[in-house]
Amino acid sequence: EVIIDEINKIITINIKDSKRILIFGKGVLKDWTIEVAGNLENEISEFRQDENSLTGCLTFYELLVEDIVVNSKNNNCEDAVNFLNIEGTIEEINVRNSIFDAIDIDYSKLIINEVFVDNAGNDCLDLSFSNLQFINVKNSDCGDKSISIGEKTNVVFGQTDINNSNIGVAVKDSSIVNFIETLEIMNSNNCIVMYSKKQEFGPSSLKIKKYFCESQNEDFIQLGNNFQIGS
């Protein structure tokens, strides 16, 4: 069920079965709010992707965006929201109750002002092959990694707050985190892990200006990776 409010520039999508939504096209998607509500009782597919190779319940593909807002809740796809080859600015992304990954960003160049994720069965924020800037990130209840950064991603974070995750921040496979302005991690098994997962990639780099960690285990930094704390 799709409702388009052209006056207030709001698209409301209610997924009542296992269908997936793809948004693509020429021009700029500007100042729109996209709201997607799934149903956790919908059947979970045994395949990561559908017949169109879509992994997201909501996928943005080859778009220019400007100051959009994305709200997602109660979705059970491999990714609740997937940005694939997207450029521009995003004002806010909110994802609640994702059975698997909450937000997946691939091959994109974006500035994102606000990210809020609550309750993801796997990763809250999964990044690959992208150039990104996040101003404010708040993730809670991430089943695996709160922030996963891999495959030559180059990224900057502002204020970053993580609560109750298996791993706070994972950096791997030739990725560069130029800096995280402030990183606060609470109630995690591991705050920081850095490693090489795929043989074709090399070491990574992570710099944090202000860092607070509350975890059960020490940070794991595989030999060859660069980890710095301080200005």
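Structure notes:
- Within the stretch 208-225, tally of residues that are in contact with a Pro (Cβ under 7 Å, 6 or more places away or on another chain) and open to solvent by 50 Å² or more (accessible area, probe 1.4 Å): 1
- Of all residues making up the stretch 75-91, the number that are open to solvent by 40 Å² or more (accessible area, probe 1.4 Å) and over 12 Å from the mean Cα position of the chain (by Cα): 5
- Candidates GLU181, GLU200 - the one that is of a type in the set (D, E, K, R) and at pLDDT below 95: GLU200
- The lone exception for ASN139 - which of (1) open to solvent by 20 Å² or more (accessible area, probe 1.4 Å); (2) within 18 Å of the chain's Cα centre (by Cα) it fails: (1)
- Positions within the stretch 104-117 being β-branched (Val, Ile, Thr), over 11 Å from ASN139 (Cα atoms) and buried (at least 19 other Cβ atoms within 10 Å of the Cβ), in sequence order: ILE105, ILE112
- Count of residues meeting criterion [open to solvent by less than 50 Å² (accessible area, probe 1.4 Å) and closer than 17 Å to LEU125 by Cβ] in the stretch 167-207: 21
- Selected residue [under 19 Å from LEU132 (Cα atoms), in contact (Cβ under 8 Å) with a residue 40 or more places away in the chain, hydroxyl-bearing (Ser, Thr, Tyr) and in contact with a strand residue (DSSP E or B) (Cβ under 7 Å, 6 or more places away or on another chain)] from SER146, SER188: SER146
- Taking the stretch 12-93 and the strands (runs of 3 or more DSSP E) fully enclosed by it, the elements with 2 or more residues that are hydroxyl-bearing (Ser, Thr, Tyr) and modelled with pLDDT of 95 or more are at 56-75.
- Complete set of residues in the stretch 1-14 that are open to solvent by less than 70 Å² (accessible area, probe 1.4 Å) and either under 21 Å from the mean Cα position of the chain (by Cα) or farther than 14 Å from ASN39 by Cα (or both): ASP5, LYS9, ILE10, ILE11, THR12, ILE13
The values are calculated or read from the model by the stated rules, or taken from the named source; none is laboratory data. Everything quoted here is computed from the prediction, not taken from an experiment. Ideal geometry is used to build each Cβ from the backbone, glycine not excepted, and the neighbour counts take in all protein chains shown. Ligands, DNA and RNA are stripped out before the accessible areas are found, and what is left, the full protein with its side chains, is counted by its heavy atoms. Shrake-Rupley method; radii C 1.70, N 1.55, O 1.52, S 1.80 Å.
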